[in-house]
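Below you will find the structure I want to go over with you.
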Amino acid sequence: MFRPGTLAIPQPVHVEAATAGRCAVRRLRLTDFRGYAQLSLDLDARPVVLTGENGAGKTNLLEAVSFLVPGRGLRGARLTEVSRRAPGDAVDARPRPWAVAASVEAGDGPFDIGTGLAPDSTAPGRRVVRLDGAPQRGQAALGERLSALWLTPDMERLFTDGAGARRRFLDRLVFAFDPAHSGRLKGYENAMRDRARLLKRADGDGRPPDAAWLSALEATMVERGVAVAAARVELVHRLNPACVLGVGPFPAAELSIDGEIDGWLAAMPAVEAEDRYRARLAETRARDAESGTTACGPHRGDLKVLHLGRNADAAQCSTGEQKALLIAIVLANARLQTLEAGRVPLLLLDEVAAHLDKVRRDALFDEIAALGAQAWLTGTDAATFAPLGHDAQFFTVAAATLHPTDQSRLTA
């Protein structure tokens, strides 16, 4: 959980201040990842622009970078889904072990990351993680060294899709500050699934569930669930001052969480919220057994976003306004992380710039420069990124191969 404290309202971050905490991928190596059989890409710390036709492999590269931090990457894919499939592979062929490795430059010194799907002989179906060659017990170690924020075209429906997508977006913002949040969330979800199975089995057998086992699962749900909710509430509390300011022409926003446990945490100490949640789980056992769901918990919360300029819920805004709100929130989170943690996150922006007008596109580029972030940007037209000039490194992607772009031919 976050340490309590007073958050100063963030001001624009200048390159000189941010560079000390900048994280940048200096070498990226892929093996059997999506369409890439092998790739070795050497980079410097500047933003990375990837252009090419749709289907060329641009988003796959951003997804590979997103696996350098905890979680299931920017597509939320299962580990086996990102394994490369070659022409002629049988439909039921065993997924190839894949690997993403990177040499990273950071304010506290360079380090190497390796992660991927383990070979069957070592840890079937599991993700393995190495830091500087040493195996790690879990993904949280990645978040302690590197963070990344991303926007993808699929996220354009964030405010109109179900609450689950918004919770995942919020949790990704939390991960950037609190790597342990991922483990707490996973522990809560595992305990919730086990409780649901236990209640369903007992209901089907017509006999009470094992009381000791059920109480142990609910104790885990209470401990992890309240901690998950508290981390979300604390992040929103700390992020709001930056969101209220807005970023240049991007709209000011106000964030809140609509959820039962979140409301309890606003009205009482966490220990009292835990007692209330424990009692609520006990009260709803019969109903949860019948429905096969869990009626109360952080998995029911929802992120609400208010467009302050229009005093309108984000769901009521136009598609363009919703995109601008998302960019504003991600940039505010990057500012906050730079100021509080002294670490500039990687920014993975898939097909974002092409859908902005010139004023907002230039503002986005200016903010990336002010943060000193290594942003990875994709698009079909290299000219879209011409204003970045020699402040970025350009690559053309075609059929899962890369080569430097001739920037002398770019015109804004």
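Could you give the length gained by full extension between residue 154 and residue 254, i.e. 0.36 nm per residue of separation minus their alpha carbon distance, to one decimal place?
Length difference between fully extended and current span is 33.8 nm.
Using a simple spin-label model with points 7 Å from Cα along the Cα→Cβ vector, what separation in nm is obtained for residue 267 and residue 37?
Using points 7 Å along Cα→Cβ, the separation is 6.3 nm.
If the label point is 7 Å along Cα→Cβ of residue 86, which residues in the stretch 28-42 have backbone nitrogen under 13 Å from it?
Once the point is set 7 Å along Cα→Cβ of residue 86, 32-33, 36-38 turn out to lie under 13 Å by backbone N, inside the stretch 28-42.
Right, something else. Using helices alone, I'd like the mean residue ellipticity at 222 nm for the chain: each DSSP H run of four-plus residues gives -39500 (n - 2.57), total over residue count, nearest 500.
Details: 11 runs with 158 residues, N = 412.
Computed mean residue ellipticity for the chain: -12500 deg cm²/dmol.
Can you order the peptides 223-230, 380-387 by their average number of other Cβ atoms within 10 Å per residue, highest first?
Numbers: 223-230: 23.4, 380-387: 16.8.
Highest to lowest by the protection proxy: 223-230, 380-387.
Moving to a separate point now. Using only Cα atoms, tell me the angle between helix 319-341 and the longest principal axis of the chain; keep it within 0 to 90° and round to the nearest 10.
Orientation of helix 319-341: about 90 degrees from the principal axis.
Can you grab the distance from the C-alpha centre of the stretch 313-367 to the C-alpha centre of the stretch 265-291, Å, no decimals?
37 Å
Once the Cα atoms of helix 211-245 and of the chain are each reduced to a long axis, what angle between those two axes, in degrees from 0 to 90 to the nearest 10, is obtained?
Roughly 40 degrees between the two axes.
How long is the stretch 283-412 along each principal axis, judged by its Cα atoms, biggest number first, in Å?
Here the Cα extents, ordered largest to smallest, are 69, 39, 34 Å.
Residue 126 to residue 279: extension gain in nm, 0.36 nm per residue of separation minus the Cα-Cα distance?
51.5 nm
What does the highest-first list of 288-294, 327-333 look like by mean Cβ count within 10 Å?
Answer by packing, highest mean first, reads 327-333, 288-294.
For an R0 of 30 angstrom, estimate the FRET efficiency from the Cβ-Cβ distance between residue 103 and residue 362 and round to the nearest 0.05.
Numbers: r = 32 Å, r/R0 = 1.06.
E between residue 103 and residue 362, to the nearest 0.05, is 0.40.
I need the peptides 36-45, 152-161 ranked by packing, meaning the mean over residues of other C-beta atoms within 10 angstrom, with the highest value on top.
152-161, 36-45
Follow-up question, since we're still on this one. Note down the net charge around residue 51, summing +1 for each Lys or Arg and -1 for each Asp or Glu among other residues with Cβ under 15 Å from its Cβ.
-2
Still on this model: Under 1.5 on a/c is rounded, so check that first for the stretch 87-246, then, if it is not, pick prolate when a/b is larger than b/c and oblate when it is not; a ≥ b ≥ c are the square roots of the alpha carbon gyration tensor eigenvalues.
oblate
Assuming a strict under-25 Å limit between Cα atoms, what lysine pair count do you get for the chain once near-sequence pairs (fewer than 8 apart, same chain) are dropped?
Counting lysine pairs in the chain gives 6.
Hey, got the dipole for the chain? About the Cα centre, +1 on K and R Cβ, -1 on D and E Cβ, debye to the nearest 20?
740 debye
Post the alpha-carbon centroid distance, the stretch 50-64 to the stretch 199-256, in whole angstrom.
The stretch 50-64 and the stretch 199-256 have Cα centres separated by 34 Å.
In degrees between 0 and 90, to the nearest 10, how far off the longest principal axis of the chain does helix 163-175 point, with axes built from Cα atoms?
Result, in degrees: 70.
Tell me which of 164, 33, 324 sits at the most positive position along the dipole axis of the chain, charges placed on C-beta atoms (Lys, Arg +1; Asp, Glu -1).
Positive-most Cα among the choices belongs to 33.
Expected output is a single nm value to one decimal: the length gained when fully extending between residue 186 and residue 163, i.e. 0.36 nm times separation in residues minus the C-alpha distance. What is it?
Net length gain for the segment: 6.5 nm.
Read the figures in this text as sums done on the coordinates, not as results from a lab. This one's a predicted model, so the numbers in the text were calculated from it and none came from an experiment. Neighbour counts are summed over all protein chains in view; Cβ atoms, including those assigned to glycine, are modelled from backbone coordinates with ideal geometry.
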